[in-house]
Amino acid sequence: MIPVYENENRAAIGLGTYLGSFSDEDSKQYIDAITYAVENGIAAIDTAINYRGMRSEKDVGNAVNALISSGAIKREDIIIASKAGLLFGDITSGRNPMKCLQEVLAPKGIQLSDFCEYDGLYQTLNPDFFDTALQLSLQNLGIDMLDIHYIHIPEITRAQLTDAEFYERIAKLFAWYENKVAEGKIRYYGLALELCAMEPEEEKWYINVEKAGHIAREISNGNSHFKYIQIPYNIQYPYAATVRNQSYKGENCSLVDAAHQMGLRVIGSKPLCGGKGFEKATLKEMISFALNGVDAINVGSKNINHIQEILDLR
């Protein structure tokens, strides 16, 4: 069964952990916020290895494992999702991303040439990188298995490859993912898209969801564990549900529709537009808009009062 964000007692809302500094103060706020959110009915926590120099993953791990140890929850009560694909740093060990590349990744044969760069972000589809990233994520989180693991902003690499090159690399990475499912390291995997949802008119970012789904099914002999798409979805960027630049069986459709036709769940990020949405709409209006367009949303916050406000909307 595909894990969902909601049941009869929970809204389709997860907690995101992207925002904030590397500071101990922000980590304490995140640990308190995650603890509060889970204790009050939020069933999903979303993070990534590169968020806050690995501190977000470590904060999630500290909060969740304390809850499990206290008996407040069981591991199966909560969905933990993370991402890989972007070059990461490790603030705790004093390594910035380039130092991590030199000291952690290069000894494993991973070089800067494996990455594509856009706006200061370095992205790769190299399975060897994902293997190292997954091991570190599980270690940071203090768990044996992730519920969902995403390929983070693959459009950066997509923009610099031909169609054939890109989907060939996706096929190899999907094969790696299916092996990790078999090993019990992850339950499901997906694409954490960003640029193609925010700038759908830019052909260079285009990824065909139907084709990705067919590749996953072929790789897995029809038993694919590719089950998720994550995209920015809010009043400023509604394009994933409105722009019909995808296709399914020859019919034009939106990215959200294509994903649903392929049996994928769509998770929306940035529902509050990074806070800028309050210039145009209320919290209730933004949350309602997002939940009406996708299957579930991640709201990024380390503020308990803000989380309470969101919970009160249910």
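A few notes on this one:
- Criterion violated by G184 - all others in (1) farther than 21 Å from S220 by Cα; (2) in a loop (DSSP other than H, G, I, E, B) satisfied: (1)
- With respect to the stated conditions, K99 fails to be more than 21 Å from F22 (Cα to Cα) and among the charged types (D, E, K, R).
- G20 fulfils the conditions (1) of a type outside the set (V, I, T); (2) in contact with an Asp or Glu (Cβ under 7 Å, 6 or more places away or on another chain); (3) under 17 Å from G142 (Cβ atoms); (4) surrounded by fewer than 23 Cβ atoms within 10 Å (Cβ to Cβ) except for a single criterion, (3).
- Filter result (touching a strand residue (DSSP E or B) at 6+ places or on another chain (Cβ under 6 Å) and surrounded by fewer than 16 Cβ atoms within 10 Å (Cβ to Cβ)) within the range 118-172: Q160
- When the range 294-314 is filtered for residues that are out of contact with any Gly (no Cβ under 7 Å at 6 or more places or on another chain) and under 23 Å from L264 (Cα atoms), only D295 remains.
- As a summary of the residue check, A81 satisfies the conditions (1) part of a helix (DSSP H, G or I); (2) closer than 27 Å to S269 by Cα; (3) in contact (Cβ under 8 Å) with a residue 24 or more places away in the chain except for the one numbered (1).
- Taking first residues from the range 245-260 that are touching a residue at least 24 places away in the same chain (Cβ under 8 Å) and partners that are part of a loop (DSSP other than H, G, I, E, B) and of a type in the set (A, V, I, L, M), the Cβ contacts under 8 Å between residues at least 6 apart in sequence or on separate chains come to Y248/M262; L255/L193; L255/V243; V256/V294.
- Residue in the range 267-289 that is under 22 Å from the mean Cα position of the chain (by Cα), closer than 21 Å to G213 by Cβ and free of Cβ contacts under 8 Å to residues at least 40 places away in the same chain present: yes
- The numbered conditions (1) at pLDDT 95 or above; (2) within 19 Å of the chain's Cα centre (by Cα) are all true for A43 except (1).
The values are calculated or read from the model by the stated rules, or taken from the named source; none is laboratory data. The structure presented is a predicted model; accordingly, all values stated were derived computationally and were not measured. Every residue, glycine as well, gets a Cβ built from its backbone with ideal geometry; the counts of neighbours run over all protein chains shown.
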